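Enquirer: Sharing a structure with you now.
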Amino acid sequence: MNDGTEHSQDEHLLEEIDTTTLCARTGVEIWYFHPDQILVEHENLSLTKLKHDRGYTYEDEIKIESSMENYEENLKIFFTEHLHSDDEIRLILEGSGFFDVRDCDDKWIRIHVFPGDLIILPAGIYHRFIPDKQNYIRARRFFVGEPVWTPINRPDGDKHPSRKIYIEHRYRNGKVNTEKNLTNAAS
Ligand code: KMT
């Protein structure tokens, strides 16, 4: 995304990349399921298989809309750069929004998600979320075991074990390969 910091619900498009490049630069995975099939539970076999293969034993729903209580305060929390100790997995059911993730050069990549998209943010990645101008999104959340939603804001997250594992994993896989990031990974 471009460097604009105003109007955070705009696209801020600088250059488009595909999901393979996204995954190589960040570890973020994007899956797509037909929206008609995911609204009915157990209708999509590949979704059921993914849940089984990844061990997603917990699921619930999150809805973010302008009529909700403390909307602005909630947006501030979602849009503050943070990480989690576990993967963040969201299947978009309705509406749309932006997940922004830091790539291996610490630049923001903005991911515009729509119904049918399933996004998996690895534990320890710095990210933030904001709805687009529809101001509405409904998503299923998946989790392995007992859910922990606590955001750990930057820079506190720098010392979190999940951050170290994330950096080491990216580094080992040869994705974090600039001088700057080699130094960061080693320190
Ligand atoms: C989170 O934890 O940041 C979220 O769940 C964001 C939005 S889900 C569409």
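The values are calculated or read from the model by the stated rules, or taken from the named source; none is laboratory data. Predicted model only: the values in this text are computed from it and were never measured. Glycine also receives a Cβ, built like all others from the backbone with ideal geometry; neighbour counts cover every protein chain displayed.
Enquirer: Search the range 147-168 for residues that are more than 23 Å from D60 (Cα to Cα) and pair each with any residue that is acidic (D, E) and within 16 Å of the ligand (Cβ to nearest atom) when their beta-carbon atoms are under 6 Å apart and the residues are at least 6 apart or on different chains.
Expert: R154/E81
Enquirer: Moving on. I need a count of the residues in the range 112-141 that are aromatic (F, W, Y) and within 15 Å of I30 (Cα to Cα).
Expert: Taking the range 112-141 first, the residues aromatic (F, W, Y) are 114, 126, 129, 136.
Remaining after also requiring within 15 Å of I30 (Cα to Cα): 114.
Result for the range 112-141: 1.
Enquirer: Next question. Given the conditions (1) touching a helix residue (DSSP H, G or I) at 6+ places or on another chain (Cβ under 6 Å); (2) among the hydrophobic types (A, V, I, L, M, F, W, C); (3) more than 15 Å from the ligand (Cβ to nearest atom); (4) assigned to a strand (DSSP E or B), report the number of the one that C104 does not fulfil.
Expert: Against the list (1) touching a helix residue (DSSP H, G or I) at 6+ places or on another chain (Cβ under 6 Å); (2) among the hydrophobic types (A, V, I, L, M, F, W, C); (3) more than 15 Å from the ligand (Cβ to nearest atom); (4) assigned to a strand (DSSP E or B), C104 comes up short only on (4).
Enquirer: Criterion first (part of a strand (DSSP E or B), β-branched (V, I, T) and more than 15 Å from the ligand (Cβ to nearest atom)) does I62 satisfy it?
Expert: Spelling it out, it is not the case that I62 is part of a strand (DSSP E or B), β-branched (V, I, T) and more than 15 Å from the ligand (Cβ to nearest atom).
Enquirer: Something else: Report the residue count in the range 56-82 for those that are surrounded by 11 or more Cβ atoms within 10 Å (Cβ to Cβ), over 18 Å from the mean Cα position of the chain (by Cα) and more than 19 Å from R138 (Cβ to Cβ).
Expert: Looking only at that region, the number is 1.
Enquirer: Still on this structure, please answer the following. Going by the structure shown, is R102 crowded, with 19+ Cβ neighbours inside 10 Å, within 13 Å of the chain's Cα centre (by Cα) and on the phi < 0 side of the Ramachandran plot?
Expert: no
Enquirer: Can you tell me which residues in the range 112-134 are surrounded by 18 or more Cβ atoms within 10 Å (Cβ to Cβ) and farther than 23 Å from T48 by Cβ?
Expert: Once the filter is applied, which keeps residues that are surrounded by 18 or more Cβ atoms within 10 Å (Cβ to Cβ) and farther than 23 Å from T48 by Cβ, the range 112-134 yields A123, G124, I125, Y126, H127, R128, F129, I130, P131, D132.
Enquirer: Tell me which residues, restricted to the range 21-55, are aliphatic (A, V, I, L, M), surrounded by fewer than 17 Cβ atoms within 10 Å (Cβ to Cβ) and either at pLDDT 95 or above or assigned to a strand (DSSP E or B) (or both).
Expert: Correct list: I30 only.
Enquirer: Something else: In the range 128-165, how many residues are within 24 Å of G95 (Cβ to Cβ) and touching an Asp or Glu at 6+ places or on another chain (Cβ under 6 Å)?
Expert: 6
Enquirer: Can I ask one more? Anything in the range 68-100 that is more than 9 Å from the ligand (Cβ to nearest atom) and among the β-branched types (V, I, T)? List them, or say none.
Expert: T80, I89
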